[in-house]
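Visitor: Before we start, here is the structure in question, set down as structure tokens.
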Amino acid sequence: METVTLTNQLITQMSTSERTPVEIVKSVNGLEKVVLREIHGSSVEVYLYGAHVSSWKNEHGEELLFISSKEIFKPPKPIRGGIPICFPQFSNLGPLELHGFARNRLWALDDDPPPLPPDVTDKVFLDLILRSTTEDLKIWPHSFEYRLRITLGPGGDLMLTSLVRNTGTDGKPFTFTFAYHTYFSVSDISEVRVEGLETLDYLDNCQKRERFTEQGDSLTFESEVDRIYLSTPTKIAVMDHEKKRTFLIRKDGLPDAVVWNPWDKKAKAMADFGDDEYKHMLCVEAAAVEKPITLKPGEEWRGRQELSVVNKLLDS
């Protein structure tokens, strides 16, 4: 793989005197990805195509995200796994292609991003930017700027912060839906449970988006699940009993949460997904779906997701 080291200014994006390298790496099919490393050993990899986080590893080098073994990394097809960005449309809830076009566009790396707040220490970050193009305006006639900040904390916590601004000069607002389509790597889906969604209403995509109320003490998996939970708490836990590990999802500006596992029949029907890979992944997505976000010209929306890992099962 060909490696290109960026400017010293980007390399030293830390609020301490430590130096942590940020590299652009030529990957599969010539696609470029940025590798961000934290001094304690954790890392994140993000493709410029789609601003797509494809890898998040802890300080021991253990991969925490799922990427399908059938993924071919070939545009214009989106990447299966990691953390796709669903913008400006979630799923098929609108006239655009499935999950919108942001995950199928080439983003730009900002080599002079705004600094972290002065009181924030020991974090590394990078910024990717997507702006509306002439071609995009033909299918979604709204001018915007989308800045995605990807931050690694000293404990390996991964934070994604999205800033979407209406840059239109026509005086018109625009509306969008959104999700961080996070694929977690799990040992065995039958040994996983999700906590934080108890008693909440959800829209069941397996039942024509009919509305139901969650009845269980926690969410476990025995068949296909494709649900949009509404008005969810700011913290959700994904517990992997076999690995004795808990993923914590903290979110801000994203009131909904999507939970998805295709199970066996749908897994076999997807060309870019292994027949049995459904056993080793679970999507839990911080999202804004039920109530679309509207921005007037000059207004900005901020949506944040922070992922962390606790190497034990939390008490129920």
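Visitor: Looking at (1) modelled with pLDDT of 95 or more; (2) closer than 27 Å to Arg250 by Cα; (3) in contact with an Asp or Glu (Cβ under 9 Å, 6 or more places away or on another chain), which is the only condition Thr167 fails?
Guide: It fails just one condition, (2).
Visitor: Could you tell me whether any residue of the stretch 15-25 is open to solvent by 40 Å² or more (accessible area, probe 1.4 Å), of a type in the set (Lys, Arg), modelled with pLDDT under 90 and out of contact with any strand residue (DSSP E or B) (no Cβ under 8 Å at 6 or more places or on another chain)?
Guide: yes
Visitor: Tell me yes or no: at least one residue of the stretch 95-110 is more than 14 Å from the chain's Cα centre (by Cα), among the charged types (D, E, K, R), modelled with pLDDT of 95 or more and open to solvent by 20 Å² or more (accessible area, probe 1.4 Å).
Guide: The answer is yes; a qualifying residue exists.
Visitor: Is at least one residue of the stretch 227-244 crowded, with 22+ Cβ neighbours inside 10 Å and of a type in the set (Asp, Glu)?
Guide: no
Visitor: If you scan the stretch 112-136, which residues turn out to be within 20 Å of Arg165 (Cβ to Cβ), surrounded by 13 or more Cβ atoms within 10 Å (Cβ to Cβ) and in contact with a Ser or Thr (Cβ under 9 Å, 6 or more places away or on another chain)?
Guide: Leu116, Phe125, Leu126, Arg131, Ser132
Visitor: Mind listing whichever residues of the stretch 61-91 are open to solvent by 30 Å² or more (accessible area, probe 1.4 Å), part of a loop (DSSP other than H, G, I, E, B) and closer than 18 Å to Val284 by Cα?
Guide: Arg80
Visitor: Can you find a residue that is β-branched (Val, Ile, Thr), open to solvent by less than 40 Å² (accessible area, probe 1.4 Å) and in contact with a His (Cβ under 8 Å, 6 or more places away or on another chain) anywhere in the stretch 303-316?
Guide: no
Visitor: Hey, Lys265 hits all of (1) more than 15 Å from Asp226 (Cα to Cα); (2) more than 13 Å from the chain's Cα centre (by Cα); (3) at pLDDT 95 or above but one; which does it fall short on?
Guide: Just one mismatch for Lys265, condition (1).
Visitor: For the stretch 61-73, name all the residues that are within 15 Å of Leu158 (Cα to Cα) and over 17 Å from the mean Cα position of the chain (by Cα).
Guide: Gly61, Glu62
Visitor: Pairs only if they're at least six apart or on different chains, beta carbon under 8 angstrom, first in the stretch 122-143 and assigned to a helix (DSSP H, G or I), second among the hydroxyl-bearing types (Ser, Thr, Tyr); list them, first residue then second.
Guide: From residues that are assigned to a helix (DSSP H, G or I), the pairs are Leu137/Ser143.
The values are calculated or read from the model by the stated rules, or taken from the named source; none is laboratory data. All of these numbers come straight from a predicted model, not from anything done at the bench. Cβ sites come from the backbone with ideal geometry, for glycine too, and all protein chains shown count toward neighbours. Each accessible area value is taken on the protein alone, full model and side chains, heavy atoms only, with ligands, DNA and RNA left out. Shrake-Rupley method; radii C 1.70, N 1.55, O 1.52, S 1.80 Å.
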